[in-house]
Amino acid sequence: MTAAEYLAFQKERIDAFLDDYLLLGSTKPESIHNAIRYSVFSGGKRFRASLCIAANDAFNGDCDRVLPVAAGIELIHTYSLIHDDLPCMDDDNIRRGKPSLHRVFGENIAILAGDALNALAFDLVSRADDCRLIQILARAIGTEGMIGGQVADVESNGLSDIGEEDVKFIHARKTAKLITASLEIGAVTAGASSEKIKIIMEFGSKIGLAFQIVDDILDIESSNEVLGKDVGSDEENDKATYPKVCGLERSKNLARDMTDGAMNTLTALSEDTTILNGLAQFVIDRVN
Ligand code: GRG
């Protein structure tokens, strides 16, 4: 199975699970349940959830036990996208080719939908009955992780003295921490040894950084239609990105080197890492 086929297969499983789990839009108060469904089912590659399942698969974990956990991670990701699009953040009107949530449901419901998804995510992760998973996720999205990266990102907008290390600080937290946690959680759920978990986390931090560098590059080189959101928004908001601090060519080389380094990290494992390698390659090849 190719990585693209794996992602399509897992997306179907994750979406079916979430469709069953999330309350119907007819449940009172209808606006929040409709808003949640609008965001969750507006598209998305389910990359983080698939990484979690792939790590679990690599260590022969139980594929039914990891599914709610992986779906929970996807809800965290959806919440971060909703809040990232808000007028007080990136002020983006389009997400996944559709009007962003606050454009359809208003800012108040969009903030609350993000908050609700955050809570629902922990409900799902707790289903595996392992406190370590909750701790890994909480730390990855807190002030030393995703939120910390977002704060540094917001505060760096418009600054002219931003360097490569500053952008790395932001990207490693804003994007790579959740990607790393997705893999770590998959490996822990499968009962992998601490040595192997360390290896999978190193792989995660490398593809996580590469993922955000590619995101920066696509914001310059792609089109609104292919990307499903407004390209050029990083430049418009004068954001700290790799192309801004070190140019397009060096950014492309760095993303490639990070991905190669990630694949090299996996050679220390005796398990079958074909899918994980394929997902790393996908990070570099993706067009949206
Ligand atoms: C609590 C106000 C508040 C904010 C939350 C918004 C936020 C903190 C963090 C932002 C993190 C963020 C949006 C990082 C960008 C990561 C990224 C590259 C997203 C795109 O991911 P894809 O390509 O998206 O996997 P799909 O659509 O495929 O799911």
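State which residue is least open to solvent (accessible area, probe 1.4 Å) when the search covers only segment 128-142 and only residues that are over 18 Å from the mean Cα position of the chain (by Cα) and touching a residue at least 40 places away in the same chain (Cβ under 8 Å). So that I can check it myself, show each step before the final result.
So the first thing to find is which residues in segment 128-142 are over 18 Å from the mean Cα position of the chain (by Cα), and the list is 128-132.
Pick out the ones that are also touching a residue at least 40 places away in the same chain (Cβ under 8 Å) and you get 128, 130, 132.
Values: ALA128: 6, ASP130: 24, ARG132: 129 Å².
Step by step, filter segment 128-142, then rank; the result is ALA128.
For segment 1-117, give me every one of the helices (runs of 4 or more DSSP H) that falls completely inside it and has 2 or more residues that are farther than 29 Å from ILE284 by Cβ and open to solvent by 30 Å² or more (accessible area, probe 1.4 Å). Per the criteria, 3-21, 30-40, 63-85, 101-105.
When each of ASP219, ASP238 is tested for being in contact with a Leu (Cβ under 9 Å, 6 or more places away or on another chain) and on the phi > 0 side of the Ramachandran plot, the lone residue that passes is ASP238.
Keeping to segment 143-156, report how many residues are under 18 Å from CYS246 (Cβ atoms) and either outside any helix (DSSP H, G or I) or more than 14 Å from the ligand (Cβ to nearest atom) (or both).
Initially, segment 143-156 is screened for residues under 18 Å from CYS246 (Cβ atoms), giving 152-153, 156.
Next cut, either outside any helix (DSSP H, G or I) or more than 14 Å from the ligand (Cβ to nearest atom) (or both) only: none.
Total satisfying the criteria: 0.
Filtering ASP216, ASP260, ASP238 for residues that are more than 12 Å from the ligand (Cβ to nearest atom) and either touching a residue at least 24 places away in the same chain (Cβ under 8 Å) or buried (at least 22 other Cβ atoms within 10 Å of the Cβ) (or both) leaves a single hit, ASP238. Only residues that are open to solvent by 30 Å² or more (accessible area, probe 1.4 Å) and either assigned to a helix (DSSP H, G or I) or under 13 Å from HIS77 (Cα atoms) (or both): list them for segment 157-182, please. Correct list: GLU164, GLU165, ASP166, LYS168, PHE169, ALA172, ARG173, LYS174, LYS177. Taking helices (runs of 4 or more DSSP H) as the structural unit, those lying wholly within segment 199-280 and holding at least 1 residues that are touching a helix residue (DSSP H, G or I) at 6+ places or on another chain (Cβ under 8 Å) and closer than 25 Å to SER182 by Cα correspond to 224-227, 242-266.
Just so you know, in segment 118-127 the residues that are surrounded by fewer than 21 Cβ atoms within 10 Å (Cβ to Cβ) and of a type in the set (A, V, I, L, M, F, W, C) include one that is farthest from the ligand (Cβ to nearest atom), and it is PHE122.
The values are calculated or read from the model by the stated rules, or taken from the named source; none is laboratory data. Computed from a predicted model, the values in this text were never measured in an experiment. Counting neighbours? That spans all protein chains shown, and the Cβs are built from the backbone with ideal geometry, glycine included. In case anyone asks, the SASA skips ligands and DNA or RNA and just uses the protein heavy atoms, side chains included. Shrake-Rupley method; radii C 1.70, N 1.55, O 1.52, S 1.80 Å.
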